[in-house]
1. Give the residues of segment 115-158 that are polar (S, T, N, Q) and in contact with a helix residue (DSSP H, G or I) (Cβ under 8 Å, 6 or more places away or on another chain), sorted by residue number.
2. Check whether at least one residue in segment 268-279 is more than 30 Å from D37 (Cα to Cα), in contact with a His (Cβ under 8 Å, 6 or more places away or on another chain) and not in a loop (DSSP other than H, G, I, E, B), and report yes or no.
3. Criterion first (within 19 Å of the chain's Cα centre (by Cα), surrounded by fewer than 22 Cβ atoms within 10 Å (Cβ to Cβ) and without any contact (Cβ under 8 Å) to a residue 40 or more places away in the chain) does N288 satisfy it?
4. Could you tell me how many of the residues in segment 177-187 are in a helix (DSSP H, G or I) and either out of contact with any Lys or Arg (no Cβ under 6 Å at 6 or more places or on another chain) or at positive phi (or both)?
5. Report yes if L47 is modelled with pLDDT of 95 or more, more than 20 Å from Q217 (Cα to Cα) and in a helix (DSSP H, G or I), otherwise no.
6. What number of residues in segment 188-241 are among the aromatic types (F, W, Y) and either at positive phi or crowded, with 21+ Cβ neighbours inside 10 Å (or both)?
7. Which residues, counting only those in segment 1-43, are outside any loop (DSSP other than H, G, I, E, B), out of contact with any helix residue (DSSP H, G or I) (no Cβ under 8 Å at 6 or more places or on another chain) and over 14 Å from V201 (Cα atoms)?
8. Only one of A270, A255 is touching a helix residue (DSSP H, G or I) at 6+ places or on another chain (Cβ under 6 Å), touching a residue at least 12 places away in the same chain (Cβ under 8 Å) and within 28 Å of R54 (Cβ to Cβ). Can you tell me which?
Amino acid sequence: MKRPSFWDPRKVSSNFAPDLHRAREEGRLARITSVKDQVKSGDRHLLVLIDMERDFMPDGRLPVKGSFEDVERLGERIIHGITGEHYTDIMVTIDKHPPITIHSDVWFRDELGNPPDVTLPVRMVLDDPNPKRPVFKGHYVDGSVKTYVPNAMPKHTVAYWQHLNKTNQGDIWVWPDHCREGTDGVSIVPALAELIEWAAVARGFEPVYLYKGMIAQVDWFGPFRPCMDVPSHPQGGLQTAYLDYIGVCRSTEFAGEAKDFCVRWGMMQALEYFGSNPDVLGRVSFLNDCTSAIFPDSPDVKALDAAMQAKGVQLITHDAPFRS
């Protein structure tokens, strides 16, 4: 089968307007068999892409070192998976945030009223749980520590931090502004967006998009559930429809950014949801060379690999054979 002529790995690091019309036309002319009969027979094969957005690239607002190379390898995997008539479905998660969130600098202030310096991420650790004026210690990745108090919802901020710790999700992280609505950072990497367009038209399927991160008072790392449920929000709980999508597929592959946060918790959510169904997890693969970490030396990275393998998930590379 003919490769898409527009695909050039050297373009992955470029921020350009994707030529979706050209991608559609090449998909239309690709003469690749539709997924219709495969889907009807239950022979479905899903690719899940977690937060492959501009702001998580090395030149983005929350850079992940190695992510350009991840996209290059992933692009080759997609091309082979489409021309080889393997993938029948693609799910894309999109991290997107409003102006004020619990992980933004405006949520906290120091004794002078200044927000944290988020040139680098800051880990907020509860120091004094006084509900009227709780105190957090901001731990910077360079080793420095400063004192902060919440600007908004102090009682909730304490309860949220306590929930994170009780559920082994760690502390509150304050990040550089990223994936804000209206910015180029929320967009899928252009070269990858073209491939998704081409793949969808070539095989005749509709990509599934899962948007996350729009609940101000909680984080939302793993795409299938916020870090703490918010019953008053329509997306404030477990996204079972997307997880059940995985359950009906004969094989599922995961890739994305970043391995120590959104990818990690997405995989942990899947492991928990299908924990009593090892048959489903045995059909899941993780593209280990198509994901990178914000903090590559974090013990969470190795812990995720161990957790996946313990549940039967296969760790593979982009050039591994496709599972039938």
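1. Of everything in segment 115-158, those that are polar (S, T, N, Q) and in contact with a helix residue (DSSP H, G or I) (Cβ under 8 Å, 6 or more places away or on another chain) turn out to be N151, T157.
2. Within segment 268-279, not a single residue is more than 30 Å from D37 (Cα to Cα), in contact with a His (Cβ under 8 Å, 6 or more places away or on another chain) and not in a loop (DSSP other than H, G, I, E, B).
3. Working: within 19 Å of the chain's Cα centre (by Cα): yes; surrounded by fewer than 22 Cβ atoms within 10 Å (Cβ to Cβ): yes; without any contact (Cβ under 8 Å) to a residue 40 or more places away in the chain: yes.
So N288 fits the description; yes.
4. From segment 177-187, those in a helix (DSSP H, G or I) are 184-186; that's our starting set.
Pick out the ones that are also either out of contact with any Lys or Arg (no Cβ under 6 Å at 6 or more places or on another chain) or at positive phi (or both) and you get none.
Final tally of qualifying residues: 0.
5. When the stated conditions are applied, L47 does not pass them.
6. Final tally of qualifying residues: 4.
7. R10, D37, Q38, V39, K40
8. When all the criteria are applied, what remains is A255.
The values are calculated or read from the model by the stated rules, or taken from the named source; none is laboratory data. The shown structure was predicted, so the numbers you read here are calculated from the model rather than taken from an experiment. For neighbour counting, all protein chains shown are included, and Cβ atoms are generated from backbone atoms with ideal geometry for every residue, glycine included.
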